[in-house]
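The values are calculated or read from the model by the stated rules, or taken from the named source; none is laboratory data. Being a predicted model, the structure only gives us computed values, none of them experimental. All Cβ positions, even for glycine, are placed from backbone atoms using ideal geometry, and neighbour counts span all protein chains on display.
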Amino acid sequence: MRDAARPDARLIHHADGRVELADHSRIDASPLANPDLAPVPVAGRDWTTYNYAALWISMAHCIPTYMLASGLVAAGMSWRQALFTILLGNTIVLIPILLSSHPGTKYGIPFPVFARAAYGTIGSNLPALMRAVVGCGWFGIQAWIGGEALFTLLSALVPGWPTLLGAGFWGHTTTAWLCFLLFWALNVFVIYRGMNLLRAVENWAAPFVLVMAAVLLVWAGRAAGGFGPLLDEPGKFSTLSEFLPVFAPSLTAMIGYWATLSLNMPDFTRFGRSQREQMIGQVVALPTTMTMFAAMGVLITSATVVIYHRAIWDPMQLAAEFKHPLVVAVSMFTAVVATLAVNVAANVVSPANDFANAFPRLLGFRSGGLVTGLFAIAMQPWRLLADPAGYIFTWLLGYSGGLGAIAGVLIADYWLVRRTALRLEDLYLVDGAYRYHRGWNWKAVVATAVGCGLAWGGLVVPALRPLYAYAWFVGFFAAGLLHWGLSSAGADRPLARPPIPR
């Protein structure tokens, strides 16, 4: 049951497995296409191993990653258990990330266009907009964190900055809101300059943030005469039966941390020079960097117990303890760079493409990025960050079930149903092979609904509550297996035009 049982004369097949269209005239005239959604020509696919490694390093080196272990330690884990959970979760999520990356490099297509093969030319908006909503939430969270870093930076440089413009509202001063909006605008500016500026930001941010974090680690070790008492804490769980009830939802939450990228990596791998380069860059960088940066957070925080007589998990609060304005300025500049790099790459690129996919004749990549930013403000990120437990066990764990279901459908469809063979041109045609029933493949929709229902059912049905702790796994396998079974039961890809002759 493959889409391309016969050779397609409109495709150019390269020796390395990458494919491109010989003629773009039909898709250029299609209402489902615009220049930002069109397949990238092979000549334009120039991202290397370093670009993908730098992408992940810069995305992982952010304040939420630094603080990731803190929520697990607060839940009762020892620092070793917390780092093991983080490493295992990121190693597991790397598998669907790599599986989803393949079509981007092979066909040069972004995530929402790839989703058309499984869901239909109109149905693809379902997974795309579900992903976009999560991206908007993350955009807001990171923009608020970046605004806090900018606020601390200006407080060190401008006397009286915190109250310069008045008391403000909703518990934050006017200057705090101003810093949030300034950082928000900086993100939108990078998007408006395009993917080349994004790549430059990632390439520069990755080594800079890593070096600055290492400097902070060395300072903490020297100032404390070691790395403090937190490393001697055994954790609250002495038996496996006590540990597992916390470990399971924590592991799922760690997978949920990058469940977004497990869907939309084609947005980046469409620029890849080869499958081998994008795979090596991701395998080398993702699990190692996440675990290492979280470990830095644990070590530095442990040292603060000795230095300041309390554990300071938030690096911005730690920077505020420094008295020298230059030290504070450099620290906060690093936080701004780190947050900007991860926010634009992880939380703006995909929603921008997703909104463009929903309205291809009205929105492009840049205007889609602006819509993303506006939705991010509307989701009130300052509320999402108010409760650390809610952040991990409600936000991360909750949305992972829905995104897991989508990933299951997409991966099963591409690897098991189609065996990686897509009709590239038809992905952009209203009357092509992916029209299905009025643009919807209801088998994919039903599979996604079942996966989401099982993953989220525990929130309302007590009997299903144990499944919620494994939300991503439940959604992924339930939806993927059901879609595979439904698609294998009968032909679900009717061709709207005769097969291409030999």
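Among the residues of region 20-42, is there at least one that is of a type in the set (Lys, Arg), out of contact with any strand residue (DSSP E or B) (no Cβ under 8 Å at 6 or more places or on another chain), part of a helix (DSSP H, G or I) and at pLDDT below 95?
Looking through region 20-42, at least one residue is of a type in the set (Lys, Arg), out of contact with any strand residue (DSSP E or B) (no Cβ under 8 Å at 6 or more places or on another chain), part of a helix (DSSP H, G or I) and at pLDDT below 95.
For a quick check of your reading: which helices (runs of 4 or more DSSP H) sit entirely within region 257-332 and have at least 1 residues that are more than 30 Å from SER101 (Cα to Cα) and in contact (Cβ under 8 Å) with a residue 12 or more places away in the chain? Can you show your working first?
Working: elements: 261-264, 266-269, 275-308, 315-321.
Per the criteria, 275-308, 315-321.
Filter region 217-242 down to the residues that are part of a helix (DSSP H, G or I) and in contact with a helix residue (DSSP H, G or I) (Cβ under 7 Å, 6 or more places away or on another chain), then identify the one that is modelled with the lowest pLDDT.
Step one: filter region 217-242 for residues part of a helix (DSSP H, G or I), giving 217-224, 229-232, 240-242.
From what's left, in contact with a helix residue (DSSP H, G or I) (Cβ under 7 Å, 6 or more places away or on another chain): 217, 220-221, 223-224, 229-231.
Details: LEU217: 87, ALA220: 85, GLY221: 86, ALA223: 85, ALA224: 82, PRO229: 74, LEU230: 66, LEU231: 75.
Residue satisfying both the conditions and the ranking: LEU230.
Have a look at ALA43, ALA117, ALA38 and point out the one that is over 18 Å from the mean Cα position of the chain (by Cα), more than 29 Å from ALA213 (Cα to Cα) and without any contact (Cβ under 8 Å) to a residue 60 or more places away in the chain.
Values: ALA117 fails: without any contact (Cβ under 8 Å) to a residue 60 or more places away in the chain; ALA38 fails: without any contact (Cβ under 8 Å) to a residue 60 or more places away in the chain.
Going through ALA43, ALA117, ALA38 in turn, just one is over 18 Å from the mean Cα position of the chain (by Cα), more than 29 Å from ALA213 (Cα to Cα) and without any contact (Cβ under 8 Å) to a residue 60 or more places away in the chain: ALA43.
Given the criterion surrounded by fewer than 21 Cβ atoms within 10 Å (Cβ to Cβ) and over 30 Å from PRO229 (Cα atoms), identify the matching residue among LEU87, LEU98, LEU32. Don't jump to the end; show me each part of the working.
Numbers: LEU87 fails: over 30 Å from PRO229 (Cα atoms); LEU32 fails: surrounded by fewer than 21 Cβ atoms within 10 Å (Cβ to Cβ).
Testing whether each residue is surrounded by fewer than 21 Cβ atoms within 10 Å (Cβ to Cβ) and over 30 Å from PRO229 (Cα atoms) leaves just LEU98.
If GLY89 meets every condition in (1) touching a helix residue (DSSP H, G or I) at 6+ places or on another chain (Cβ under 6 Å); (2) not in a helix (DSSP H, G or I) apart from one, which number is that one?
Answer for GLY89: the failing condition is (2).
Go through region 50-76 and count every residue that is buried (at least 18 other Cβ atoms within 10 Å of the Cβ), outside any loop (DSSP other than H, G, I, E, B) and either of a type outside the set (Val, Ile, Thr) or over 19 Å from the mean Cα position of the chain (by Cα) (or both). Walk me through it before giving the result.
Keep residues of region 50-76 that are buried (at least 18 other Cβ atoms within 10 Å of the Cβ), which gives 51-73, 75.
From the residues that got through so far, the ones that are outside any loop (DSSP other than H, G, I, E, B) too are 51-60, 63-66, 68-73.
From what's left, either of a type outside the set (Val, Ile, Thr) or over 19 Å from the mean Cα position of the chain (by Cα) (or both): 51-56, 58-60, 64, 66, 68-73.
Residues that pass the stated criteria total 17.
As an exercise: evaluate ILE145 against (1) of a type in the set (A, V, I, L, M); (2) within 16 Å of ASN347 (Cβ to Cβ); (3) touching a Leu at 6+ places or on another chain (Cβ under 8 Å); (4) surrounded by fewer than 24 Cβ atoms within 10 Å (Cβ to Cβ) and give the number of the one condition it does not meet.
The failed condition is (4).
Would you please name the residue that is surrounded by the fewest Cβ atoms within 10 Å (Cβ to Cβ), looking only at residues in region 101-133 that are β-branched (Val, Ile, Thr) and in a helix (DSSP H, G or I)?
Pass one, region 101-133, residues β-branched (Val, Ile, Thr): 105, 109, 113, 121-122, 133.
From what's left, in a helix (DSSP H, G or I): 105, 113, 133.
Numbers: THR105: 29, VAL113: 31, VAL133: 15.
The extreme case among them is VAL133.
For region 345-365, name all the residues that are over 30 Å from HIS61 (Cβ atoms) and among the β-branched types (Val, Ile, Thr).
none
Against the condition surrounded by 17 or more Cβ atoms within 10 Å (Cβ to Cβ), at pLDDT 90 or above and of a type in the set (A, V, I, L, M, F, W, C), how does PHE271 come out, does it pass?
Yes; evaluated as a whole, the condition is true for this residue.
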